[in-house]
């Protein structure tokens, strides 16, 4: 099921610029994309109404905030009942160190990106929280040694290219 929307070239330029810097003034944005400030404002509102643009945020430096360790954690569920899945989803939402969580195909049920201050901090989360959850049957952790690429900028080229 394809839920994508068709955007013209100006809309794509607006989205691309706002992904790079959401703090741009309307006038600066208009200058960068080759439009007028009122036109940009109307288009931004339309893109928000379509759900293309969501909340504006400022990205924080994880290391400077004491979260120097990135862990990719695969999780296997004991049970896939709706109650177990709902309880696991609530667990994920309740733990801010879980930055991302994806339901997966294949051998593991979920893949999470977890941040921690150090290995001991992650061990505490793993042993005292994740593995104690009644619907979790097991986990496999992979520690990132360094970050080669991290971006929040989605491609907005012609027809998804």
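The values are calculated or read from the model by the stated rules, or taken from the named source; none is laboratory data. Just so you know, these numbers come straight off a predicted model, no measurement behind them. All Cβ positions, glycine included, derive from the backbone under ideal geometry; neighbour counts span all protein chains shown.
When the criteria are applied in full, residue 56 fails the requirement of being assigned to a helix (DSSP H, G or I) and out of contact with any strand residue (DSSP E or B) (no Cβ under 9 Å at 6 or more places or on another chain). Please work out if residue 67 is closer than 27 Å to residue 20 by Cα and within 19 Å of the chain's Cα centre (by Cα). Yes; evaluated as a whole, the condition is true for this residue.
Every condition in (1) closer than 30 Å to residue 15 by Cα; (2) without any contact (Cβ under 8 Å) to a residue 12 or more places away in the chain is met by residue 112 except one, and the failing one is (2).
In segment 99-132, what residues are closer than 18 Å to residue 84 by Cβ and surrounded by 19 or more Cβ atoms within 10 Å (Cβ to Cβ)? Within segment 99-132, 101, 109, 110, 112, 130 qualify. The requirement of being outside the structural domain of residue 20 (by TED's automatic domain parsing), surrounded by 10 or more Cβ atoms within 10 Å (Cβ to Cβ) and under 24 Å from residue 18 (Cβ atoms) is satisfied by residue 156. Each residue in segment 10-38 was checked for being part of a helix (DSSP H, G or I) and free of Cβ contacts under 8 Å to residues at least 12 places away in the same chain, and 6 of them qualify.
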